[in-house]
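For reference, the structure is listed below as structure tokens.
The values are calculated or read from the model by the stated rules, or taken from the named source; none is laboratory data. These figures come from a predicted structure and were not determined experimentally. Every residue, glycine among them, receives a Cβ derived from its backbone with ideal geometry; neighbour counts consider all protein chains shown.
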């Protein structure tokens with residue numbers, strides 16, 4: 001595999017694995033999905049505490065991931081060995097995975113605060129949200145999100 005192909009694949013990987021600042025269930029405004037669930041004051045406090053903890057933890061992880069991506073860009077522009085590039089790519093994947101795991105854990109923690117009825121209501125609302133699903137934001141379909149829909153060919157893919 002030549003270096004240009006390797007760099008194209010790594011650039012594509014960086015585009016395919018976007019990391020967002022949102023916490024699980026968050027919409028344009030954090031906690032918006034919960035507004036119509038009639039949360040008790042205690043549930044509201046618990047949700048806010050979970051969001052606060054998650055925000056602190058994920059901010060550190062996002063900063064570390066951004067620094068690793070910057071280091072990858074520097075390595076790509078240097079005469080780094082393929083092994084160095086592979087190691088940096090692996091580091092980025094590990095950090096991305098850790099951030100994804102943290103978001104999932106937050107979602108599970110928030111889910112435990114809800115009653116079974118509230119969970120059902122939330123699931124219905126999440127299914128009704130426009131742009132969600134395979135082609136929605138972040139999906140790989142042909143929707144309006146940053147996936148690989150029309151006009152979003154991967155570098156070097158010939159698409």
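Pull out all pairs, ordered by first then second residue, where Cβ-Cβ is under 9 Å, the residues are six or more apart or on different chains, the first lies in the range 82-103 and is free of Cβ contacts under 8 Å to residues at least 40 places away in the same chain and at negative phi, and the second is outside any helix (DSSP H, G or I) and exposed (fewer than 12 other Cβ atoms within 10 Å of the Cβ).
84/78
Considering each residue of the range 11-63, count those that are in a helix (DSSP H, G or I) and at pLDDT below 50, and give that number.
Total satisfying the criteria: 6.
Test residue 72 against the stated conditions and say whether it is touching a residue at least 60 places away in the same chain (Cβ under 8 Å), farther than 26 Å from residue 108 by Cβ and within 23 Å of the chain's Cα centre (by Cα). Explain how you work it out, then say what you get.
Details: touching a residue at least 60 places away in the same chain (Cβ under 8 Å): yes; farther than 26 Å from residue 108 by Cβ: yes; within 23 Å of the chain's Cα centre (by Cα): yes.
In short, yes.
Only one of 66, 4, 90 is more than 21 Å from residue 120 (Cα to Cα), loosely packed, with under 12 Cβ neighbours inside 10 Å and at pLDDT 95 or above. Can you tell me which? Steps first, please.
On the way: 66 fails: loosely packed, with under 12 Cβ neighbours inside 10 Å; 4 fails: at pLDDT 95 or above.
Testing whether each residue is more than 21 Å from residue 120 (Cα to Cα), loosely packed, with under 12 Cβ neighbours inside 10 Å and at pLDDT 95 or above leaves just 90.
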